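Here's the structure we're looking at; comments come further down.
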Amino acid sequence: MTEPNRPHRWDLVRPDQLGSLPAGAPVLWFLDELTACAAKVLARSEDGDLYFVGRSGDSVYDLLSGALTDRSRLHLLPLSLGIIDNPLLGPMRRGETAQLRANLTEAGLSPAALAGGGPPVVLTDLVSSGGTFGCLTGILRQWAEDDGAAWPEVRRRLRFLGITLRRATSPKTWRWHQHAGWTAGLPAGAVSNVSLDANVWSYFGNWQPKLTRSFTRERWGAEDARAPQHDDKAREALAEALAVVAAGRTAEVRDRMVREIVKEPAIAQPWLRALVTELKLPRPRLRTPPPPGTT
């Protein structure tokens with residue numbers, strides 16, 4: 001039986017064991033945009049489990065991790081599908097398919113688990129064309145067919161929440177889900193979007209230092225994927241991610257989130273009003289790592 005594998009990521013909510021590993025003094029120039037985006041992602045999640053696919057949405061996950069006392073609805077799904085159809089690699093091999101399925105099963109995303117019922121599973125990512133969502137949907141559908149799981153039941157649980165680059169709105173605005181053929185078979189309302197400032201979207205998607213290396217096809221089963229990164233970029237990423245979590249715990253950021261959430265139509269739902277109440281609760285101070293160079 002193939003054992004699941006996933007990249008190491010430090011616990012940023014309980015960071016007292018990190019010591020002087022974080023490096024630099026991050027400036028969260030994107031915080032206002034991130035706060036509004038995270039609030040809308042939460043409000044449009046339909047009281048489901050949020051899975052942040054890949055690494056692009058890490059900061060949204062981190063801010064919500066700091067803001068919410070109950071983080072059980074938040075999940076990271078370290079998975080890069082960008083080279084899944086790379087002709088240089090050829091079709092997925094049997095071992096790669098088995099490893100991917102083991103990793104997804106460990107994350108609670110096997111067709112059998114999805115078909116068993118429960119809250120919506122909301123796959124969230126920065127989206128350009130929706131290729132990652134489409135690829136993952138195809139993988140789950142083929143897996144359901146192989147295992148005899150009921151694909152209509154799996155599909156009914158799935159939601160796709162794209163974090164898109166903000167553009168001027170007009171009848172001719174390009175919308176990714178209207179051009180992705182695989183979305184035609186989804187139930188109505190299965191796709192929603194949250195827009196993000198172009199500079200922030202580009203930073204998160206292309207330039208932001210990340211805590212982990214991209215979890216691409218050739219690394220799904222690699223043992224060294226579980227080893228923490230200690231290079232300068234990883235230390236810089238750690239400092240910024242810790243600052244984002246800490247920002248999420250502040251009353252200022254949580255109040256801003258509440259102001260955004262109450263504008264959403266879903267505020268009529270009891271589950272979202274309960275989350276607003278949670279966001280208004282005070283937070284105890286975290287034990288944070290000492291500044292670099294101190295003991």
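The values are calculated or read from the model by the stated rules, or taken from the named source; none is laboratory data. None of the values given here were measured: they were computed from a predicted structure. Cβ coordinates were reconstructed from backbone atoms using ideal geometry, including for glycine residues, and neighbour counts include every protein chain displayed. Ligands, DNA and RNA are excluded from the accessible area calculation, which covers all protein heavy atoms including side chains. Shrake-Rupley method; radii C 1.70, N 1.55, O 1.52, S 1.80 Å.
Whether any residue in region 237-252 is basic (Lys, Arg), open to solvent by less than 70 Å² (accessible area, probe 1.4 Å) and under 30 Å from Leu281 (Cβ atoms) is what I want to check. Break it down stepwise before answering.
Within region 237-252, the subset basic (Lys, Arg) is 249.
From what's left, open to solvent by less than 70 Å² (accessible area, probe 1.4 Å): 249.
Add one more test, that the residue is under 30 Å from Leu281 (Cβ atoms), and what stays is 249.
Taking every residue of region 237-252 in turn, at least one turns out to be basic (Lys, Arg), open to solvent by less than 70 Å² (accessible area, probe 1.4 Å) and under 30 Å from Leu281 (Cβ atoms).
Out of Ala188, Ala112, Ala198, one residue alone is modelled with pLDDT of 95 or more, aliphatic (A, V, I, L, M) and open to solvent by 50 Å² or more (accessible area, probe 1.4 Å). It is Ala112. Pull up region 32-65, narrow it to residues that are open to solvent by 40 Å² or more (accessible area, probe 1.4 Å) and in a helix (DSSP H, G or I), then point me to the one that is nearest to Ala107 (Cα to Cα). Residue satisfying both the conditions and the ranking: Tyr61. Selection within region 18-45: residues that are of a type in the set (D, E, K, R) and under 14 Å from Val194 (Cα atoms). The member of this set that is farthest from the chain's Cα centre (by Cα) is Glu33. Residues satisfying the criterion are absent from region 131-139 (criterion: surrounded by fewer than 20 Cβ atoms within 10 Å (Cβ to Cβ) and in a loop (DSSP other than H, G, I, E, B)).
No other residue among Phe160, Phe215 is of a type outside the set (Gly, Ala, Ser), surrounded by 13 or more Cβ atoms within 10 Å (Cβ to Cβ) and either free of Cβ contacts under 8 Å to residues at least 60 places away in the same chain or closer than 30 Å to Glu260 by Cβ (or both) apart from Phe160.
Number of residues in region 1-53 that are on the phi > 0 side of the Ramachandran plot and at pLDDT 95 or above: the value is 2. Considering only residues in region 163-174 that are over 24 Å from Asp49 (Cβ atoms) and touching a helix residue (DSSP H, G or I) at 6+ places or on another chain (Cβ under 9 Å), the one that is most open to solvent (accessible area, probe 1.4 Å) turns out to be Arg167.
Condition test on Glu153, is it touching a helix residue (DSSP H, G or I) at 6+ places or on another chain (Cβ under 6 Å), open to solvent by 50 Å² or more (accessible area, probe 1.4 Å) and either over 17 Å from Gly54 (Cβ atoms) or of a type in the set (Lys, Arg) (or both)? Considered against the rule, which asks whether it is touching a helix residue (DSSP H, G or I) at 6+ places or on another chain (Cβ under 6 Å), open to solvent by 50 Å² or more (accessible area, probe 1.4 Å) and either over 17 Å from Gly54 (Cβ atoms) or of a type in the set (Lys, Arg) (or both), Glu153 comes out as yes.
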